[in-house]
1. Quick one: order R18, R32 by neighbouring beta-carbon count within 10 Å, fewest to most.
2. What pairs in K16/K74; K8/K61; K3/K89; K15/K74 have C-alpha atoms more than 25 Å from each other?
3. Residues with beta-carbon under 11 Å from that of L4, excluding L4: net charge, scoring Lys, Arg +1 and Asp, Glu -1?
4. What nm distance separates the two modelled labels at S59 and L4, each placed 7 Å from Cα along Cα→Cβ?
5. Spin-label point model (7 Å from Cα, Cβ direction): what's the R26 to D72 distance in nm?
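Values in this text are rule-based calculations from the coordinates and carry no lab data. Since this is a predicted model, take the numbers as computed values, not measurements. Positions of Cβ are generated from backbone atoms using ideal geometry, with glycine treated the same way; all protein chains shown enter the neighbour counts.
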Amino acid sequence: MTKLIGIKELQTNTKKIREETANGTRFIVVYRSTPVFEITPIENKIDFSDTLSSSGLYSKKFLSRMKNAEKDIKNGKIKTFNSTEDFFKTLG
């Protein structure tokens, strides 16, 4: 299922949108009636670390963390965060 939401709704209902995304809902976010980005559920088939390492832009430490995150996703151990600040605290 895909839902269209405004940027303000994203800001005020982040937790609800995060939960719906984890359950398979896709969101298209609009700003001033123009679609600007989408929020989609993560699929277990995606290999982020391979894509990132081939870019040459990221440190080995970061890539190692991404590989560990991929393993967690594939094993159903997905971590969720209530805010961006919570997410960055886990990165150290």
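1. Arranged by neighbour count, lowest to highest, R18, R32 become R32, R18.
2. Pairs exceeding 25 Å: K8/K61; K3/K89.
3. Around L4, the surrounding residues sum to 0.
4. 4.3
5. If labels sit at R26 and D72, their model points lie 2.6 nm apart.
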